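Every number in this text was worked out from the coordinates using simple rules, so none of it is lab data. Just so it is clear, the structure is predicted and the values come from calculations on it, not from any experiment. With ideal geometry, Cβ positions are generated from the backbone for all residues, glycine too; neighbour counts draw on all protein chains shown.
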Amino acid sequence: MRLYEMLGKATSRSIIIINEIFSSTTLSDALTLGGHMMDALSSLGALSVVVTFLDELASHGEDTVSMMSTVKEEDPAQRTYKIIRKPPDGFAYAMYIAGKHGLTYEHLNRRLKR
């Protein structure tokens, strides 16, 4: 509903920022809804930033530019806070970060069995 309302009020002079909007849906639903959203943003012509974990949306159309945050090569759990133009590569660094903080399935399972 909020996305629908926002798109109804936006113009080509708007700046739209969307962060992980479909992360709580199924992958199939997220791709379908995300594709419709990307089409609407594209037809609107507004400057838009869409943060997503869906590689397919990062290469949605001709006017879509893929940007990725980077991590240190020697330690993928450490972010560099540098964002570069780069096509999606399918990597998710959440497991490295979870491991750094002792929050992997194995770590938690061991702690809960104590």
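Worth pointing out:
- Cα shape, the range 1-65, gyration tensor, a/c 1.5 rule: oblate
- Within the chain, longest stretch clear of exposed GluC sites (Glu not before Pro) (DSSP loop, no more than 13 other Cβ within 10 Å): 21-61
- In the chain, a dipole from Cβ-located charges (positive for Lys and Arg, negative for Asp and Glu) runs towards its positive end, and of HIS101, GLY90, SER23 it is HIS101 whose Cα lies farthest in that direction.
- Calculated on the alpha-carbon coordinates, the convex hull of the chain measures out at 137 cubic angstrom per residue.
- Qualifying lysines (Cα of each under 23 Å from Cα of LYS72; at least 8 residues distant if same chain): LYS82, LYS86, LYS100
- Near ILE16, the amide H atoms lying under 5 Å from its own belong to LEU47, SER48, VAL49; only residues 5 or more places off or on other chains count, and H is placed 1.01 Å from N.
- Relative contact order (%) - criterion: Cα under 8 Å, at least six apart; region: the chain: 19
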